[in-house]
Amino acid sequence: MIAAIDSTDLRLTDAPLGFATCHEKAIAAHWRRATAANPRLWNGPQFLFTEVSVEGGVLTGRAHRTDFATFLYWRDHGRDPSATHITGTSLPVTADGALLAIRMAGHTANAGQLYFPAGSLDPADATGDAIDIDTNIRRELAEETGLEPPPDTFDVAMVGSRVDNAWHVARRCRLALSYEACAERVRAHQAHTGDDEVDAVLAIRSPAEAAPLRDYARALALWHFDDQEKGERR
């Protein structure tokens, strides 16, 4: 499902996340198994959401403080509809018309998966009780790729891709560099920071090339190409 999103109203609540309370022991056991298999996993803070809806172009939801272990159990055990995951994602368009996608490294929780720079919402995105998804989108793009395009290169409107009780909220940005120059920038960023979460960057230049992307990212790519074609016809 793709939806136009004009704005978000995501608010922190102090209420406990019911899913986490109900599955506390199972979450802990699942985390022990996960870290035994992959010691590099980190149980950082993040949010899962309840009361999520999109009405009149506004995405609303209540953010419950939780951690990566809880999210991982939720993700790996059916994505219980009592909770919703929300991520911010960029949709970077290079100067020569490619969508810039990333492939996650083998030691990450999403090993080998292809999508656009993205990340879960966490306390760094909150000011008071309000969560700024735009902050998340820009930060994740910079952290994963080293690309920091100016604010005016991002589309004002957002688009959301909803799959399996998760909303992936994207803002398209127009990069001033070609795909090859962007890829070189990513390699330089990794060499400078030592960040090895991204295994490779890829150019997605057509709907056919979007096939290997994760479902939600493929939906965003197809929306982009369709929107681009409509714009060319106007």
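The values are calculated or read from the model by the stated rules, or taken from the named source; none is laboratory data. Given the structure is predicted, the values throughout are model-derived calculations rather than measurements. Note that we place each Cβ from the backbone using ideal geometry, even for glycine, and neighbour counts take in every protein chain shown. Just the protein is used for accessible areas: all its heavy atoms, side chains included, with ligands, DNA and RNA removed. Shrake-Rupley method; radii C 1.70, N 1.55, O 1.52, S 1.80 Å.
Take R174 and decide whether it is surrounded by 17 or more Cβ atoms within 10 Å (Cβ to Cβ) and modelled with pLDDT of 95 or more.
no
If you go through the stretch 92-107, how many residues are closer than 20 Å to I204 by Cβ, open to solvent by 40 Å² or more (accessible area, probe 1.4 Å) and not in a strand (DSSP E or B)?
Number of matching residues: 2.
Can you pull out the residues in the stretch 39-98 that are polar (S, T, N, Q) and more than 15 Å from the chain's Cα centre (by Cα)?
N43, T50, S53, T60, T66, T70, S82, T94
Would you pick out the residues in the stretch 180-200 that are touching a helix residue (DSSP H, G or I) at 6+ places or on another chain (Cβ under 8 Å) and either farther than 19 Å from T87 by Cβ or surrounded by fewer than 16 Cβ atoms within 10 Å (Cβ to Cβ) (or both)?
C182, R185, V186, H189, D195, D196, E197
Looking at (1) among the hydroxyl-bearing types (S, T, Y); (2) modelled with pLDDT of 95 or more; (3) within 19 Å of W42 (Cα to Cα); (4) in contact with a strand residue (DSSP E or B) (Cβ under 6 Å, 6 or more places away or on another chain), can you tell me which one T70 breaks?
For T70, the exception is condition (4).
Could you give me the residue pairs with C-beta distances under 8 Å whose first residue belongs to the stretch 140-151 and is at negative phi, whose second residue is assigned to a helix (DSSP H, G or I) and β-branched (V, I, T) wherever it lies, and which are 6+ apart or on separate chains?
Final answer for the pair search is T145/V186; L147/V186.
Just to be sure before I move on: is T89 buried (at least 22 other Cβ atoms within 10 Å of the Cβ) and either of a type in the set (S, T, N, Q) or over 19 Å from V169 (Cβ atoms) (or both) in the structure I sent?
Here the answer is yes, as T89 does meet what is asked.
All but one of (1) at pLDDT below 95; (2) open to solvent by 50 Å² or more (accessible area, probe 1.4 Å) hold for A36, so report the exception by its number.
(1)
Quick one: which of G18, G44 is in contact with a Ser or Thr (Cβ under 7 Å, 6 or more places away or on another chain) and among the small types (G, A, S)?
So the residue among G18, G44 that is in contact with a Ser or Thr (Cβ under 7 Å, 6 or more places away or on another chain) and among the small types (G, A, S) is G18.
Quickly run through the stretch 121-134 and pick out the residues that are open to solvent by less than 30 Å² (accessible area, probe 1.4 Å) and either of a type outside the set (A, V, I, L, M, F, W, C) or assigned to a loop (DSSP other than H, G, I, E, B) (or both).
Selection gives L121, D125.
Taking the options R79, R62, R75, name whichever one is closer than 30 Å to R172 by Cβ and open to solvent by less than 50 Å² (accessible area, probe 1.4 Å).
Unique residue meeting the criteria: R79.
List the number of the failed condition for G160; all other conditions in (1) out of contact with any Lys or Arg (no Cβ under 7 Å at 6 or more places or on another chain); (2) open to solvent by 20 Å² or more (accessible area, probe 1.4 Å) hold.
(2)
Using the structure shown, decide if N110 is open to solvent by less than 50 Å² (accessible area, probe 1.4 Å) and either assigned to a loop (DSSP other than H, G, I, E, B) or of a type in the set (K, R) (or both).
When the stated conditions are applied, N110 passes them.
Do the conditions hold for A219, that is, is it open to solvent by 80 Å² or more (accessible area, probe 1.4 Å) and part of a helix (DSSP H, G or I)?
No: the conditions fail for A219.
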